[in-house]
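The values are calculated or read from the model by the stated rules, or taken from the named source; none is laboratory data. Please read these numbers as outputs of a predicted model, since none were measured by experiment. Quick reminder, even Gly has a Cβ in these numbers, built from the backbone with ideal geometry, and neighbours come from all protein chains shown. Ligands, DNA and RNA are excluded from the accessible area calculation, which covers all protein heavy atoms including side chains. Shrake-Rupley method; radii C 1.70, N 1.55, O 1.52, S 1.80 Å.
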Amino acid sequence: MAAAREELQKDLEEVKELLTKATRKRLRDVLMTEKHKLELEIKNQPPPKPKDAAEEEKSSLGGYTVKINNYGWDQSDKFIKIYISLNGVQKLPAENVQVNFTERSFDLLVKNLNGKNYTMTFNNLLKPISVEGSSRKIKTDMVLVMCRKKREEKWECLTQVEKESKEKEKAAYDTSDPSEGLMNLLKKMYAEGDDEMKRTINKAWVESREKQSKGDIPMDI
């Protein structure tokens, strides 16, 4: 949208320039019509949208931005603690290490650490946190993000997505029929395995079916 508006503005400036040089009435009438048309188009263009504050912050950063994926975490009765290792982070000015909290998320931004910027985002935290009670601490080669729990209870994992993933995995193997559980396991291994793994499972399956048809399978299998 911004680009289109800019092009229309350039066209309008050129028409205005031609108008100052035109002497023939017919040409001036055509240029005036075009001028009014362009002015109307520019007026009807939607205003440029303000940049999201976070995007504006990131776009103003110099250097290369690295997304942090490695971390450790722990918890106490009152806090969820996320440990992020960053060599030399303690040498930065305090304002270069920023964390924005919401009730179910936080964003970490570390600016200009050894010529790079580092970001980490956690969305859909398992349970609500207190924005006012949460904070960050800068330690030697580490940033500690402290999320204050709204309720003093144990979290089984960090995010809602992790919880749902665990529940699905548990449901896949939770069965009163041992052979069904084994089948689910084989299906998972087949789906996630490489070509060699798939060939091995196929071979074992064929051999198992052959033994079944001959009645050679031991009773305890």
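Structure notes:
- Heavy-atom accessible area for residue 71, with the other protein chains in place and a 1.4 Å probe, reaches approximately 90 Å².
- Accessible heavy-atom area order of 164, 156, highest first, probe of 1.4 Å: 156, 164
- Between the alpha-carbon centres of the range 188-207 and the range 61-120 there is a gap of 42 Å.
- Listed cross-link partners 139/166; 163/203; 139/168; 154/188; 16/43; 116/139 are compared with a 26 Å cut-off, the Cα-Cα value being larger for 139/166; 163/203; 139/168; 154/188.
- Sparsely packed loop sites in the range 5-36 (the GluC sites (Glu not before Pro) outside DSSP H, G, I, E and B with at most 11 other Cβ atoms within 10 Å) do not occur.
- Estimated FRET transfer efficiency when R0 is 25 angstrom, pair residue 69-residue 152 (beta carbons, to 0.05): 0.25
- Residue by residue, the range 95-108 carries 3J(HN,Hα) couplings of 6, 7, 10, 10, 10, 10, 9, 10, 5, 10, 7, 8, 10, 10 Hz when phi is fed to the Karplus relation 6.51 cos²θ - 1.76 cosθ + 1.60 (θ = phi - 60°); x denotes Gly or Pro.
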